[in-house]
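Chemist: This structure is in structure tokens; I'll ask about it shortly.
The values are calculated or read from the model by the stated rules, or taken from the named source; none is laboratory data. The shown structure was predicted, so the numbers you read here are calculated from the model rather than taken from an experiment. Cβ: placed from backbone, ideal geometry, glycine included. Neighbour counts: every protein chain shown.
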Amino acid sequence: MEISLVVCFLILCFTFSFCVVSGAALLVEAADMGDADAQYELGSRLRVETEDGQSDQQAFYYVEKAVDQLHPGALYLLGAVYLTGDCVKQDISSALWCFHRASEKGHAGAAVAYGSLLLKGAEVPEALTKFNSRSASTKTLKNVGSFDDPIEIAKKQFEIAASVGCDLGFRWLKRLEDEEKLQAAA
């Protein structure tokens, strides 16, 4: 009886290992073929699972490929990398640009990050103000509003997050509403 359990365990381990290796190979193949979801997934996994510099470079390569295709998760991840200065020189303007683009695609985390950075005094990147002032679509203007009022832009970002059910979006909107009430009462 014990021998059959050991054999079953070994077969299960071998099968699982084979599936993991096969899955990883398929993910790499899909990423190399240009699939943005696979590029983002592979880049994210390489960043999390290893600590050596070589894997960081590989992870960054795949994340950038997904960013080139405007993958919202990859934009958010790259924004976080720029915000923290992890693997790259810290660049708040680039982080804001990434968060802005990801939030346009409905990424709640990016919307919250973008809005909260604006409330902390970060300025809207010039690349966004120039681009949107020259060729802003009706949808972009509706979602972002004027770039002159960071509180209004932040509020729009929190609304994007709240619209997909993000609790932080709701909390930030409540906080802004409470602030408005205090200012009105004063």
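Chemist: Just one of ASP32, ASP68 is modelled with pLDDT of 60 or more, over 21 Å from CYS87 (Cα atoms), out of contact with any Ser or Thr (no Cβ under 8 Å at 6 or more places or on another chain) and charged (D, E, K, R); which is it? If you could, list the steps in order and put the result at the bottom.
Modeler: On the way: ASP68 fails: over 21 Å from CYS87 (Cα atoms).
Residue meeting the stated conditions: ASP32.
Chemist: For ALA66, work out the one condition from (1) closer than 26 Å to MET33 by Cβ; (2) surrounded by 24 or more Cβ atoms within 10 Å (Cβ to Cβ); (3) in contact with a Leu (Cβ under 6 Å, 6 or more places away or on another chain) it doesn't fulfil.
Modeler: So the condition that ALA66 fails would be (3).
Every residue, every condition in (1) farther than 20 Å from ARG47 by Cα; (2) among the small types (Gly, Ala, Ser); (3) without any contact (Cβ under 8 Å) to a residue 60 or more places away in the chain, yes or no:
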site	(1), (2), (3)
TYR61	no, no, yes
HIS71	no, no, yes
TYR76	no, no, yes
PHE99	no, no, yes
GLY106	yes, yes, yes
GLU123	yes, no, yes
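Chemist: Moving on to the next point. Among the residues of the stretch 128-160 satisfying the criterion of being small (Gly, Ala, Ser) and out of contact with any Ser or Thr (no Cβ under 8 Å at 6 or more places or on another chain), which is modelled with the highest pLDDT?
Modeler: Checked the stretch 128-160; the qualifying residue modelled with the highest pLDDT is SER146.
Chemist: Here's a follow-up. When both residues are 6+ apart or on different chains and their Cβ atoms are under 9 Å apart, which pairs have a first residue that lies in the stretch 28-44 and is not assigned by TED's automatic domain parsing to the domain that holds LEU77, and a second that is at pLDDT 90 or above and among the basic types (Lys, Arg)?
Modeler: Cβ pairs passing all conditions: ALA31/LYS65; GLY34/LYS65; ALA36/LYS65; GLN39/LYS65; TYR40/LYS65; GLY43/LYS65.
Chemist: Does VAL63 qualify as being under 19 Å from ALA24 (Cα atoms) and either of a type in the set (A, V, I, L, M) or modelled with pLDDT of 95 or more (or both)?
Modeler: In short, yes.
Chemist: Got a sec? Which of SER103, SER94, SER44 is at pLDDT 85 or above, under 19 Å from GLN157 (Cβ atoms), surrounded by fewer than 20 Cβ atoms within 10 Å (Cβ to Cβ) and hydroxyl-bearing (Ser, Thr, Tyr)? Steps first, please.
Modeler: Working: SER103 fails: surrounded by fewer than 20 Cβ atoms within 10 Å (Cβ to Cβ); SER44 fails: under 19 Å from GLN157 (Cβ atoms).
From the options SER103, SER94, SER44, the qualifying one is SER94.
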